[in-house]
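Below is one structure, written out as structure tokens, with a few remarks after it.
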Amino acid sequence: RSPPPAGSSIPCLPWLPVLGSLPWLAGGLPPHLLFTQLAHRYGALFALYIGPHYTVVVNNHQHAREVLLHRGKDFAGRPSMVTTNLLTRGGKDIAFSDYSSLWKSHRRLVHNSFALFGEGTSRLQDIVLSAVDSLCAELLCSERRGFDPSPAVTRAVTNVVCTLVFGTTYCHSDAELQEVLQYNNGIVETIARGGLVDIYPWMKLFPNRSLSKLNECIAVRDRLLTHKLEEHKASLREGEPRDLLDALLMGQADSRRAEKSCGSEDERITEDHVLMTAAEAFGAGVETTSTTLLWILAYLLHHPEVQQRVQQELDEHVGSERPVRASDRGRLPYLDCVINEGMRIRPVSPVLIPHTAVTDSSIGGHCVCRGTRVLVNMWSIHHDPEHWDEPDLFKPDRFLDDQGQRVSRPCFLPFGAGPRVCVGESLARLELFLFLSSLLQRMTFRLPDGAPPPNLKGKLGVVLQPLPYKVVVAPRAGWGSAGQ
Ligand code: HEM
Ligand code: PLO
């Protein structure tokens, strides 16, 4: 058990041995809402025991900036958890690995590899545009009485990531694509953050259905990825990497050479690291991007006037004669605001990933001991009425100034910030932009006749997802049912 830090005056919920503060957390609210409620009672900075773990919860943007940015290095650790250890072979990934110098060089390698395919290159744009073309074609010939857009969107985003990571593009019903979608779903269902298994590591000693399902899905994932890795190793050539896996293998080779010269084995990026990074790029790339797209679509169904204004902007600055390109982004500020407002009002990762203090430090002048877990409640920061006018309403205009120019908002951090900021941010932004602009250029989304608008409450699993809903699509002028 970690003792409460001496001299700290961070208000703490009551707690009992073993159970921690859990008996005081009744009500069944998901953590982001529960913490927002507790912040009203205990103040924006409070602590509680999650099982045996002393945990500080941060609910305002000044404290969040301190944790993520100003003292970002102090709080760049990650707790060790049973499920994520299984998922990542004991932290050989980026997101769930604790702070260390190996993690730093691994993260740098991943960052550089992403940059090779990300913003500024036409490569990613071509990959996304080709996935968008198939998605549009599929949506435009779909059920006229209404359908759930989620499977088609997820498949399109998965295809983008597959092309990016190992250079494979799948057709609609490809067996390998189905396998990827299936194991990913299985992991998403079983790894939901904050599950009991992660609070009490000894729970893994008991037979546990969800843990064995997780293991099965991980085995399927590993078989598939190992096969891809072997193929890539056999055909790897000097020069331009073909995809992310090539770039990682090249980086691994560099790291091996560096190890030979300085001789430190612990500092080495291994084949396991390459495999876990590819797996994570998949998981992170698919879940977050498709969920964000589905949230934005859900809000557009609630606000047809917003959809219409985006389409007006597209008609004025792009037209219907050519596809939208990344270079159009500067000309489409309103669409950017719609994307931002979607990520503000429904952040897919409402309490980020748990951080830990890697050294004794402080938040808001209060001592925080090494090893303390810190949760940043981005939900309450994105809904803080002191900083957002009518925070529960979808109003993209709040990201524009009087002159119609984009403004940056200090209380808006959907990707986190600092040493643990999302490595996929620019990739994600480019994808969101290309997907939404292309979809809205070519079609209009409506509710099926008589259907209620989507439920906006959401369901928290590993990410915050909208509940299933149905849409109908109508082609816009110049974009017939062939999707062109
Ligand atoms: C971490 C958001 C897309 C890869 C994170 C974090 C957030 C986030 C909030 C945690 C930051 C923290 O713990 O402080 C998002 C959103 C996305 C998105 C909103 C899309 C809309 C992506 C994509 C990739 C990616 C496309 C990669 C292909 C990662 C990785 C981390 C991460 C590897 C862990 C970083 C670390 O712990 O050092 N993301 N993400 N994300 N994201 Fe994303
Ligand atoms: C999603 C299921 C995959 O099979 C494995 C995976 C890897 C990385 C995780 C991702 C899952 C869920 C969303 C996460 C991402 C890392 C960063 C991202 C947690 C579990 C965010 C934003 O929260």
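Any read-out appearing in this document is the output of simple, stated calculations on the displayed coordinates, not a laboratory observation. Here the structure is a predicted model, which means the values were calculated and not measured. Virtual Cβ from ideal backbone geometry, glycine too; neighbours counted across all protein chains shown.
The region of the chain that goes longest without hitting one of the GluC sites (Glu not before Pro) in a DSSP loop, each with at most 16 other Cβ atoms within 10 Å, is 1-118.
Would you calculate, for the chain, the mean residue ellipticity at 222 nm contributed by helices, counting each DSSP H stretch of 4 or more residues as -39,500 (n - 2.57) and dividing by all residues, to the nearest 500? Spell out each step's value before the answer.
Working: 15 runs with 224 residues, N = 484.
That calculation yields -15000 deg cm²/dmol at 222 nm.
Estimated from the Cβ-Cβ distance and a Förster radius of 35 angstrom, the FRET efficiency linking Ala115 and Ser80 is about 0.75. Each of Trp103, Tyr42, Ala247 was scored by the projection of its Cα onto the charge dipole of the chain, and the greatest displacement toward the positive side belongs to Tyr42; charges sit on the C-beta of Lys, Arg, Asp and Glu. 3J(HN,Hα) along the range 445-453: 9, 9, 7, x, 3, x, 7, x, x Hz, from the Karplus curve 6.51 cos²θ - 1.76 cosθ + 1.60 with θ = phi - 60°, whole Hz, x for Gly and Pro.
Taken along the Cα-to-beta-carbon direction at a fixed 7 Å, the label points for Asp392 and Phe147 span 3.5 nm.
Taking label points 7 Å from Cα along the Cα-to-Cβ direction, Glu240 and Ala219 give a separation of 4.1 nm. Going by Cα centres, the range 203-217 and the range 272-296 are how many Å apart? Their Cα centres are 23 Å away from one another. Once both labels are positioned 7 Å from their Cα atoms along Cα-to-Cβ, the gap between Trp202 and Gln178 label points is 4.5 nm. Ordered from longest to shortest, the equivalent ellipsoid semi-axes for the chain are 35, 30, 22 Å, each the square root of 5 times a Cα gyration tensor eigenvalue.
Phi angles across the range 156-161 convert, under the Karplus curve 6.51 cos²θ - 1.76 cosθ + 1.60 with θ = phi - 60°, into 3J(HN,Hα) values of 5, 5, 4, 4, 4, 5 Hz, Gly and Pro given as x. Need the C-alpha centroid separation for the range 17-44 versus the range 304-335, integer Å. Using only Cα atoms to place each centre, the spacing works out to 43 Å. Sequentially through the range 270-282, phi angles give Karplus couplings (6.51, -1.76, 1.60; θ = phi - 60°) of 9, 5, 4, 4, 4, 5, 5, 5, 4, 4, 6, 4, 4 Hz, Gly and Pro residues having no value and appearing as x.
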